Each structure stands twice: as structure tokens, then as C-alpha cells.
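Colleague: The structure that follows is given in the form of C-alpha cells.
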Ligand code: MN
């Protein structure tokens, strides 16, 4: 199995080295990742300037790796153009991608780009505190997750989040009750006003959702689809408000 790994934290993130190390147990790994951090860039693609691909070592030795001056979606498009790929893994992101964060996530966009191109895509993330991330607490669960999701021959898009020390795994839905972005004003050293866009949860998560699972120390696996159509509303509109 040929595995392409990307991320949105950039090629020098310890998360991508950890994922490359674990994924190399399942197949041949090639890393194609942004040269600088691209977190919260969502599914942006670069179309108004050329992209470059440069060979670049990562912290886990023996893996073919390249850095790209573009977004996670660019990296997946380029990586799958360069070589035949069976599955794309994106991560391990240093920070959770839960609930409404999925709309902004560059990590998830890497996996989404794979599905757009006809491959399986799996996004992997973990919350981090002030300390350096410690992957050993959930490494066995990354392995379990890959074993589970890579064995499935169906195409699929999955968003996976690992708590630091999991006690089990759950299939979950996306928590959509809340929006978690808040604007916090501040003042720079020159006395000018500026603003921070923050991601702080505002209300408790619903049971069996992704946020709930990670808050309760379960690995959260959310199957996703690209079709955003509101099916129930569509049926209702066709019935009650037919258009000419
Ligand atoms: Mn990130």
C-alpha cells in the first residue's frame, strides 16, 4: 500500500514524523507537506503562482519527504500527481479538529482533497497543552485506527481525534451545536488596536459527538461526506415551495 502523508502544521512538525513512523508499518510512505505552517487555511488551493517541490528530511529517518510552498490541498494534489497513491493521511495535527473547527481545518482539507481525487482520506489530530506533545500515550490507538480504517476497501473520508490518554474508541457525529470562534481585542506595542481570533468552546458538547468523545477520553472517529446538501430541507422545499 502506498501512503501519502501531509499535514497543515508544516513538514517540520513532530506530528508528521510520528505519523510517518507509525504509518510505515502499514505500507510505503511518502511525505509531501507544506514548508511552513498552514493551520486554519481550510481547503485553499494555490492557482495564481507556481508551486515548487523540494526534497526535505523529516525527523523520522528513511522516509522519502518533500516540502511544498503551498497548502495541504496543494500537497495532496502534487503528491498524487508525482506518484501512484492508495490512501492519504493528514496529521498528526497538534491541536484538535472537532465540531465546527472542521470548516477551517487544513488537516481535514488534506484528507478531503484525497477523496476529491478518488482516494481514501484520513485526518488525524490531537489536543496539545503548553507542553511538547507526547505521542506515546495514544500511539497504540493511532495504530489501531489505521488498522481499522485502512482495511476497509470502500472509499471514505474520516476525521479522527485522539485524546492524550485514550480509554477506548467511539464512532461519532460532528458536534454542530455551537460556533467556537470569538474575537478578542488587544493592543500592540505601538498602541494600535488588534484582534485575536480564538477557538474556545462556548457550550458543553452533545453526547456521542466528536467533542464529547475526546472530552471523555475516547478516540473519536467521524465518517464524513462531501455532499453538504440538507436532504430533509430539500425534500420539504420541493414539496412545499416548488419552483417553476
Ligand atoms: Mn495545524
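Colleague: Any residue in segment 85-97 that's within 11 Å of residue 72 (Cβ to Cβ): show its pairings with residues that are in a loop (DSSP other than H, G, I, E, B) and more than 14 Å from the ligand (Cβ to nearest atom) at Cβ separation under 7 Å, as long as the two are six or more apart or on different chains.
Modeller: Listed pairs, sorted by first residue: 88/119.
Colleague: When you look at residue 58, is it part of a loop (DSSP other than H, G, I, E, B) and either crowded, with 18+ Cβ neighbours inside 10 Å or within 16 Å of the ligand (Cβ to nearest atom) (or both), yes or no?
Modeller: Judged against the criteria, residue 58 is a match.
Colleague: Additional query: Evaluate segment 223-239: report whether one residue or more is free of Cβ contacts under 8 Å to residues at least 60 places away in the same chain, surrounded by 10 or more Cβ atoms within 10 Å (Cβ to Cβ), in a helix (DSSP H, G or I) and touching a strand residue (DSSP E or B) at 6+ places or on another chain (Cβ under 6 Å).
Modeller: There is no residue in segment 223-239 that is free of Cβ contacts under 8 Å to residues at least 60 places away in the same chain, surrounded by 10 or more Cβ atoms within 10 Å (Cβ to Cβ), in a helix (DSSP H, G or I) and touching a strand residue (DSSP E or B) at 6+ places or on another chain (Cβ under 6 Å).
Colleague: For segment 21-40, give me each residue that is in contact with a helix residue (DSSP H, G or I) (Cβ under 6 Å, 6 or more places away or on another chain) and either more than 15 Å from the ligand (Cβ to nearest atom) or part of a helix (DSSP H, G or I) (or both).
Modeller: Matches in segment 21-40: 22, 26, 29, 31, 32.
So that you can scan it fast, the table gives a plain yes or no per residue for (1) away from the ligand (no atom under 16 Å from the Cβ); (2) on the phi > 0 side of the Ramachandran plot; (3) buried (at least 22 other Cβ atoms within 10 Å of the Cβ); (4) more than 11 Å from the chain's Cα centre (by Cα):
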position	(1), (2), (3), (4)
83	yes, no, no, yes
86	yes, no, no, yes
91	no, yes, yes, no
97	no, no, yes, no
100	no, no, no, yes
103	no, no, no, no
122	no, no, yes, no
131	yes, no, no, yes
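Colleague: Can residue 211 be described as assigned to a helix (DSSP H, G or I) and in contact with a helix residue (DSSP H, G or I) (Cβ under 6 Å, 6 or more places away or on another chain)?
Modeller: yes
Colleague: Follow-up question, since we're still on this one. How many of the residues making up segment 41-55 are within 16 Å of the ligand (Cβ to nearest atom) and either surrounded by fewer than 16 Cβ atoms within 10 Å (Cβ to Cβ) or over 19 Å from the mean Cα position of the chain (by Cα) (or both)?
Modeller: 1
Colleague: Next question, about the same structure. Which condition breaks for residue 208 when tested against (1) surrounded by 10 or more Cβ atoms within 10 Å (Cβ to Cβ); (2) at positive phi; (3) without any contact (Cβ under 8 Å) to a residue 12 or more places away in the chain?
Modeller: Just one mismatch for residue 208, condition (3).
Colleague: Go through 65, 44, 18 for me and flag whichever is assigned to a helix (DSSP H, G or I) and in contact with a helix residue (DSSP H, G or I) (Cβ under 8 Å, 6 or more places away or on another chain).
Modeller: Result of the check over 65, 44, 18: 18.
Colleague: Let me ask something else about it. Within segment 5-19, can one find any residue that is over 18 Å from the mean Cα position of the chain (by Cα), crowded, with 17+ Cβ neighbours inside 10 Å and modelled with pLDDT of 95 or more?
Modeller: no
Colleague: Tell me which of these residue 105 doesn't satisfy, since it passes every other one: (1) over 29 Å from residue 163 (Cβ atoms); (2) out of contact with any helix residue (DSSP H, G or I) (no Cβ under 7 Å at 6 or more places or on another chain); (3) at pLDDT 95 or above.
Modeller: (1)
Colleague: Turning to a different aspect of this structure: Tell me the residue from 219, 176 that is within 23 Å of residue 92 (Cβ to Cβ) and surrounded by 11 or more Cβ atoms within 10 Å (Cβ to Cβ), please.
Modeller: Answer to the selection: 219.
The values are calculated or read from the model by the stated rules, or taken from the named source; none is laboratory data. The shown structure was predicted, so the numbers you read here are calculated from the model rather than taken from an experiment. All Cβ positions, glycine included, derive from the backbone under ideal geometry; neighbour counts span all protein chains shown.
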